[in-house]
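One structure is given here, and the rest of the page talks about it.
We did not get these values from a lab; they are worked out from the coordinates using the rules stated. Here the structure is a predicted model, which means the values were calculated and not measured. Here the Cβ is made from the backbone with ideal geometry for all residues, glycine too, and neighbour counts use every protein chain on show.
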Amino acid sequence: MSFTVIKHPLILDKLTRMRREETSSKDFRENLNEIAQLMVYEIFRDIPVKELEIKTPVKKAVGYTVDIPVVLVPIIRAGLGMTEGIQKLIPTARIAHVGLYRDEETLEPVQYYAKTTENIAESYVIVVDPMLATGGSACKAIEIAKEWGAKNVKFVCLVSVPEGVKKLQEAHPDVEIYAASLDDKLNKQGYIEPGLGDAGDRIFGTK
């Protein structure tokens, strides 16, 4: 049950910008994508590569290429805010989608959309959502990905809390979790404290 908080100085700086109440949607989105890019280096540290022969302008040489397809699974809506940053570094990544919303009374996830990609069973699957709060949406999205046949799954978020981490670890002990921060707790409404507010609303400028 691996849980990693990636504490890079640039991530800490950008996350602080995102937390500020006065930060605009434009700046929020830009920093979210930049943090996602910075996290990619750690998340893909163990991705397999294969050797291949190439020719440089000088001579033949041995190079390397990623040896497994990558599928990103953003949890709609907010997870979409992280896909662009990751795709900039992995442009061949395919994108599946899982649409979930949280019932405000039960705090349980409700599915309204799901669309997979080809070869997900053979792929390196990254489920992304900026927030790991109650853990309900993350657990449901990973459950759906596994139903599609995904075997190598990681979960990537920006802000997490112990309650959500514990629930996800218990439900999917085989899934590695990566976060940019482990915050204090959930409040009575199920929101992360101190958190950064509703990530979806802040990304898209909605209320």
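Cut-off 10 angstrom, C-alpha nodes, Gaussian network model of the chain. Which of 66, 127, 165 fluctuates the most?
66
Which value in deg cm²/dmol, rounded to the nearest 500, describes the helix-derived mean residue ellipticity at 222 nm for the chain, given -39,500 (n - 2.57) per DSSP H run of n ≥ 4 and division by the residue count? Provide the component values of the computation, followed by the final result.
Numbers: 6 runs with 68 residues, N = 207.
So the calculated ellipticity at 222 nm is -10000 deg cm²/dmol.
Roughly how many debye, to the nearest 20, is the charge dipole of the chain about its Cα centre, given +1 on each Lys and Arg Cβ, -1 on each Asp and Glu Cβ, and no other charges?
About 620 debye.
Please find, in a Gaussian network model of the chain (springs between Cα atoms separated by less than 10 Å), the residue of 184, 67, 174 whose mean-square fluctuation is greatest.
67
Could you work out which residue, out of 107, 196, 15, moves most in a Gaussian network model of the chain, that is, has the largest mean-square fluctuation with Cα springs under 10 Å?
107
Suppose each label sits 7 Å from its Cα in the direction of the beta carbon; what would the residue 201-residue 108 distance come out to in nanometres?
So the label points at residue 201 and residue 108 sit 2.5 nm apart.
As I understand it, the dipole of the chain uses +1 on the Cβ of Lys and Arg and -1 on the Cβ of Asp and Glu, about the Cα centre. Which of 58, 204, 178 lies farthest toward its positive end?
Ranked along the dipole, the leading option is 58.
Please identify every one of the GluC sites (Glu not before Pro) in region 58-127 that sits in a loop by DSSP and has no more than 12 other beta carbons within 10 Å of its own beta carbon.
Numbers: sites: 84, 104, 105, 118, 122; in loops: 104, 105, 118.
Sparse-neighbourhood loop GluC sites (Glu not before Pro): 104, 105, 118.
Sorted from largest to smallest, which semi-axis lengths in Å does the alpha carbon gyration tensor of region 118-207 give for its equivalent ellipsoid, taking the root of 5 times each eigenvalue?
24, 15, 10
Over region 68-135, what is the percentage of antiparallel beta bridges among all DSSP beta bridges, to the nearest 5?
Bridges in region 68-135 that DSSP calls antiparallel: roughly 40 percent.
With a cut-off of 8 Å between alpha carbons and a minimum separation of six or more residues, what is the relative contact order of the chain in percent?
For the chain, the relative contact order is 22 percent.
Find the relative contact order for region 1-115 and round it to a whole percent, using C-alpha pairs within less than 8 Å whose residues are 6+ positions apart. Working shown, then result.
Working: 132 pairs, mean separation 21.5, N = 115.
That works out to 19 percent.
Across the Cα atoms of region 1-54, what radius of gyration and what greatest pairwise Cα-Cα distance (Dmax) are found, in Å?
For region 1-54, the Cα radius of gyration and maximum Cα-Cα distance read 15.3, 51 Å.
Would you work out which of 160, 49, 18 lies farthest towards the positive end of the dipole of the chain? Charges go on Cβ: Lys and Arg +1, Asp and Glu -1.
Of 160, 49, 18, it is 49.
If you line up the Cα atoms of region 27-173 on their principal axes, what length do they span on each, largest first, in Å?
That works out to 65, 36, 26 Å along the principal axes.
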